[in-house]
1. Applying the Karplus parametrisation 6.51 cos²θ - 1.76 cosθ + 1.60 with θ = phi - 60° to the phi angles of the range 23-34, what ³J(HN,Hα) value in whole Hz is obtained for each residue in order, glycine and proline being reported as x?
2. Between Lys125 and Asp70, how high is the FRET efficiency from 1/(1 + (r/R0)^6) when r is the Cβ-Cβ distance and R₀ = 30 Å? Nearest 0.05.
3. Once fully extended, how much extra length lies between Lys156 and Asp28, figured as 0.36 nm per residue of separation less the alpha-carbon to alpha-carbon distance?
4. Give the long-range amide H neighbours of His137: residues separated by 5 or more places, or on another chain, with amide H under 5 Å away, using H modelled in the peptide plane at 1.01 Å from N.
5. Can you tell me which of Met56, Met91, Met114 moves the most in a GNM of the chain? Springs connect C-alpha atoms under 10 Å apart.
6. In nanometres, what is the gap between the two model label sites at His37 and Met91, each 7 Å from Cα along Cα-to-Cβ?
7. For a protection proxy built on the mean count of beta-carbon atoms within 10 angstrom, sort 117-126, 138-147 highest first, please.
8. Using DSSP, restrict attention to beta bridges with both residues in the chain and report what percent are antiparallel, rounded to the nearest 5.
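Since every read-out is calculated from the coordinates, none of them should be taken as a lab result. Given the structure is predicted, the values throughout are model-derived calculations rather than measurements. Cβ placement follows ideal geometry from the backbone for every residue including glycine, while neighbour counts extend to all protein chains displayed.
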Amino acid sequence: MKIEKLRLYLDDVRTPIAKDWIVARNYDEFVSQIKLHTLGNFEVISLDHDLGETAMVEYYNNVKENYIIDYSNISEKTGYDVAKFLVAESMNSGIPLPQIYVHSANPIGSANIMGYVNNYYKNCKLPQTCIQVSIQHTIDDKFLLSPEERIVKWKKKVE
């Protein structure tokens, strides 16, 4: 009997349209899913970078304008923290990483995740296959903001 491999999607606001994804909304939910099912039972993992309010403030105030992330400004764990957890889990368990994708809209956060994961693949003498992808998704209405509302919500006021 063939056991179907699982797919895990990390995102605080988006939900994939395909129903076969397990969705984790934050770092702790993600880690719980890995612990519950074990790393070797996943075929694909797709990561968002920004997972909360302080990450969005950092995105709109530094990344979008300066192409810099100051992780000390972000209180929630990010998709980058998840990437570090996954590499440590693979190293400690001896279980190879599944295919890792990044679907984040944050270009610097995405690059940080892909760089970290691909460096691990390279050191394991594996193809560097962690790439940016677009996965069809929906967003709950409570998270939809106009550009003006985004600025009001997340842009620091310059005094």
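1. Whole-Hz 3J(HN,Hα) from phi for the range 23-34: 9, 10, 8, 7, 4, 5, 4, 4, 4, 4, 5, 5.
2. Values: r = 34 Å, r/R0 = 1.12.
Step by step, r from the Cβ atoms, then E = 0.35.
3. Working: separation 128, 0.36 × 128 = 46.08 nm, distance 2.79 nm.
Full extension of this stretch gives 43.3 nm more.
4. For His137, whose amide H was placed from the backbone, the distant partners under 5 Å are Ile17.
5. Comparing Met56, Met91, Met114 in the GNM, the peak value goes to Met91.
6. Result for the modelled spin labels: 2.5 nm.
7. Working: 117-126: 14.7, 138-147: 9.1.
Highest mean packing first, the order is 117-126, 138-147.
8. So the antiparallel bridges amount to about 15 percent of the total.
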